[in-house]
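Quick notes on the structure that follows.
The values are calculated or read from the model by the stated rules, or taken from the named source; none is laboratory data. Predicted model, so just to flag it, every value in this text is computed and none were measured. Because the Cβ atoms are built from the backbone with ideal geometry, glycine has one as well, and the counts that use them run over all protein chains shown.
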Amino acid sequence: MTKGLRLVLFGPPGAGKGTQAQLLRERLNLTHISSGDLFRHHLGLGTPLGLRAKEYMNRGDLVPDEVTIDIILEKVMSIPSDGGFILDGFPRNPNQADVLDKKLAADSRDLDVVVHLKVSESELLNRLGGRYICRDCQSPHSIGEGEDTTDKKCDQCGAGLYQRDDDAPAAVMKRIEVYNEETTPLLGFYQQRGVLVEIPGDHSVDRVNKLIMTALDS
Ligand code: AMP
């Protein structure tokens, strides 16, 4: 049996990681692990983890590593060793990348590819302003300016949509700043390993997906 692809989707908030992860998951039969979705799930349930994460998330800061790393690694390592996965939103700083790297190497399942979705800041701000999330399955949806959102339903599962607290302008600016300072240093780390693929992400969902699929095929 061929092994599944081990992929990291990398990019700033609003780059389209969640949307592309959904498409890739279905097409390539991969397990999708999103750290943000996991925190939002816990937040919705009001668990101690969710309550702890909330204050950081609402400010646009990273949730501390001692809270984040273990729960994500547990999910990754629970996937059968020949199973593929998409990591979306993790790793997000050099320590997370280092711990992930060591854990995967110890199990002989290094990452195959890190896909960097490059999107301009103006496009990010534009997208995040119109982003609505499904209350149930957390799929992201894009709503145009002035469009009525009252009766909008999730196109995946039919549940209602909401706007994330951390998509408010102040939190968005902070998240972009945190990305630039704490997350972008990982690009050099993955480039050195020869696994980094750069994808221009300012295009439509379909176009970006085609660019990713073409890059993965080659
Ligand atoms: P996201 O849905 O990926 O934009 O993540 C939403 C928020 O969850 C982030 O702004 C952080 O507060 C938190 N978060 C998600 N992933 C991580 C991570 N790998 N490390 C720390 N905090 C994270």
Pick from the range 58-69, criterion part of a helix (DSSP H, G or I) and modelled with pLDDT of 95 or more, ranking: farthest from the ligand (Cβ to nearest atom)
Glu66
Looking across the range 13-55 at residues that are β-branched (Val, Ile, Thr) and within 20 Å of Val67 (Cα to Cα), the single one that is nearest to the ligand (Cβ to nearest atom) is Ile33
Listed by first then second residue, the pairs whose first member lies in the range 71-93 and is surrounded by 15 or more Cβ atoms within 10 Å (Cβ to Cβ), whose partner is hydroxyl-bearing (Ser, Thr, Tyr), with beta carbons under 6 Å and at least 6 positions apart or on separate chains, are Ile72/Ser35; Ile79/Thr31; Phe85/Thr31; Asp88/Ser34; Gly89/Ser34; Gly89/Ser35; Phe90/Ser35; Arg92/Thr183
Which number in (1) out of contact with any helix residue (DSSP H, G or I) (no Cβ under 8 Å at 6 or more places or on another chain); (2) closer than 30 Å to Leu216 by Cα; (3) acidic (Asp, Glu); (4) exposed (fewer than 13 other Cβ atoms within 10 Å of the Cβ) marks the one condition that Asp151 misses?
(2)
Scanning the range 162-179 residue by residue, those closer than 13 Å to Leu124 by Cβ and touching a strand residue (DSSP E or B) at 6+ places or on another chain (Cβ under 6 Å) turn out to be Asp167
Inside the range 32-57, can you point out the residues that are part of a helix (DSSP H, G or I), under 15 Å from the mean Cα position of the chain (by Cα) and not aromatic (Phe, Trp, Tyr)?
Ser35, Gly36, Asp37, Leu38, Arg40, His41, Met57
Which of the residues spanning the range 70-88 are away from the ligand (no atom under 13 Å from the Cβ) and of a type outside the set (S, T, N, Q)?
Glu74, Met77, Ile79, Pro80, Asp82, Gly83, Gly84, Phe85
Selection from the range 102-141 of residues that are among the acidic types (Asp, Glu) and more than 18 Å from the chain's Cα centre (by Cα):
Asp107, Asp110
Restricting the range 175-200 to residues that are over 17 Å from the mean Cα position of the chain (by Cα) and of a type in the set (D, E, K, R), the residue that is nearest to Asp98 (Cα to Cα):
Arg193
